[in-house]
Structures are given as structure tokens and as C-alpha cells.
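Q: Once you've had a glance at the structure underneath, I'll fire off some questions.
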Amino acid sequence: MTNLESKIYNQEGKEVGNIDLAPEVFDLKWNADAVHQVVESMRSSARRSTAHTKTRGEVRGGGRKPWRQKGTGRARHGSIRSPIWVGGGVAHGPRSDKNYERKVNRKMKAKVLGMILSKKFKDREIFFLDSLSVNPPKTKEAKEKIVAWTKVPDFGKVAERRRNAFVIGLPTRSVEIARSFRNFGNISVEETRNLNPILLLKYRGLLLVDPKKTLPDLYKKFNAESKVKEVSSKPERKTKAVKK
């Protein structure tokens, strides 16, 4: 793994500096099978089991045999609530007690997230913004920001998409920013800690605001403690030697 570097831009689309990226997050090899397994598992776990049908033992009525077994010339039946009867129970229908949850290891989920981030970084679909503020919080102000960001190389091809253009990753929740961009159907505003493989695959680009705060949130998912750990200001306690 080599050292990675990316440029940082301001709200006007001008370059203001560079930032070093962790190779264990932004320089991983793509594995389509692992990505498919994690994404399908997450989608299955998020599935709500609401559809429910009744079996022949749960529908009302049908306690008496409709007619005697022999002598009528008709087929034998034991209950009018059989699945072959109109108004009867349903055989092999959906049940609300079915569990669709599929387990995904935390390390594997983080690995797949890194694969997606690495692919987007190689495709020049990840951009870094030093800060973002909208005052007043209006759609007009947000549109002016997007127009200014088109000055950033390769951002125009992402912003011009009519659907699922890009995600804005914030270090903390901002009601003003979310309110300003909510009228754009092709843009999503999320906290960086809530980024997941399904969201990143749905949208083409990723715009990370204030990388000094947002990147540590990503590194925590990969146990990159060395890049997040703060140096303690408390002096180490010295132990006195015991005289024999």
C-alpha cells in the first residue's frame, strides 16, 4: 500500500490544500463477490416481514364435514376451509413470523465499505470540502454552492446526474444544511458515521465536509486507532523502587 493524497476545496470550488488518506481504507482491492454478499445480507436484514396469510387451521368455520364421505357422487372433503376451497386457508403463503435477518461480520462489512470507498477514490468520485455553511438555509443558496463546486475537476460529471448524484457526508448533524438540500431529489445529506455500502452504491459521488473530523469517523470502522487516538495530557505515574 502506498501513501495516498487528495486535494481539499473550499465552498467556492478553489483548492485550499491537501490531505493524506489511509491506504487501508482508500486503497483496497475490489471484490465483487464480497460486496454482493454484504449488500444482499443488509437488504435482507432490513426487510420488514409484514405480509401474513392464514392457514386452514386459522380461518374461521369449517368445523363440520361438508357432506358424507361416500354415496353422493362428489369428491370427498373434510372441511370447507381446505386450501382448495374459496375462502379457505392459504398453503405455503407468506408469514409474518419469518425472520429475514442475515448476519454480517463487522470486519467484513467494514472491509466492503473500504472497497467501495477505494473504487470511488480511484474513479475520482470522492471530493473533500474544508467546510460547508448555508446562510440562510434556502434551496437557492444550496444551488449556488453546487454551481460553484462544478469548478472542481470531475465533479461536474457527478452533479449532472438526474438521479442519485452524490452524498454529502457531514461530521455532525446539521438541520440548516439538510433543509437547504432536501429539495434536490438526487442529493442525500448524511452523517459520516451513517455511511454504509448500500448508500454509497446507490449514489455516484461522495462529498466529505471537514475531512479532519469526518475521516476519523470512517477510520473508527476499520479500527484505525492510530489515526484517531488522541494523545493524553496526563503525565505517566512513576513507581518508586522498593528497597530490600
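Q: Going by the structure shown, is ARG64 within 30 Å of LEU199 (Cα to Cα), assigned to a loop (DSSP other than H, G, I, E, B), of a type in the set (D, E, K, R) and not assigned by TED's automatic domain parsing to the domain that holds LYS202?
A: Working: within 30 Å of LEU199 (Cα to Cα): no; assigned to a loop (DSSP other than H, G, I, E, B): yes; of a type in the set (D, E, K, R): yes; not assigned by TED's automatic domain parsing to the domain that holds LYS202: yes.
Judged against the criteria, ARG64 is not a match.
Yes/no per residue for (1) touching a residue at least 12 places away in the same chain (Cβ under 8 Å); (2) exposed (fewer than 10 other Cβ atoms within 10 Å of the Cβ); (3) in contact with a Cys (Cβ under 7 Å, 6 or more places away or on another chain); (4) not assigned by TED's automatic domain parsing to the domain that holds SER133:
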residue	(1), (2), (3), (4)
VAL16	yes, no, no, no
GLU24	yes, no, no, no
ALA32	no, yes, no, no
VAL39	yes, no, no, no
ARG56	yes, no, no, yes
PRO94	yes, no, no, yes
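For every residue, the table says whether it meets (1) farther than 22 Å from LYS107 by Cα; (2) over 29 Å from the mean Cα position of the chain (by Cα); (3) not in a strand (DSSP E or B).
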residue	(1), (2), (3)
GLU5	yes, no, no
LEU28	no, no, yes
GLU40	no, no, yes
ALA51	yes, no, yes
GLY89	yes, yes, yes
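Q: Also: Of all residues being of a type in the set (Val, Ile, Thr) and part of a loop (DSSP other than H, G, I, E, B) in segment 91-138, which is farthest from LEU170 (Cα to Cα)? Just the residue, please. Outline the logic, then answer.
A: So the first thing to find is which residues in segment 91-138 are of a type in the set (Val, Ile, Thr), and the list is 104, 112, 116, 126, 134.
Next, from what is left, pick out any that are part of a loop (DSSP other than H, G, I, E, B): 104, 134.
Numbers: VAL104: 26, VAL134: 13 Å.
Only one residue tops the list, namely VAL104.
Per-residue answers, yes or no, for (1) within 28 Å of VAL209 (Cα to Cα); (2) touching a strand residue (DSSP E or B) at 6+ places or on another chain (Cβ under 9 Å):
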{"residue": "ALA34", "(1), (2)": "no, no"}
{"residue": "ARG47", "(1), (2)": "no, no"}
{"residue": "LYS65", "(1), (2)": "no, no"}
{"residue": "THR72", "(1), (2)": "no, no"}
{"residue": "ARG76", "(1), (2)": "no, no"}
{"residue": "ILE80", "(1), (2)": "no, no"}
{"residue": "LYS109", "(1), (2)": "yes, no"}
{"residue": "LEU117", "(1), (2)": "yes, yes"}
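The values are calculated or read from the model by the stated rules, or taken from the named source; none is laboratory data. From a predicted model like this one, the values you see are computed outputs, not experimental measurements. Cβ coordinates were reconstructed from backbone atoms using ideal geometry, including for glycine residues, and neighbour counts include every protein chain displayed.
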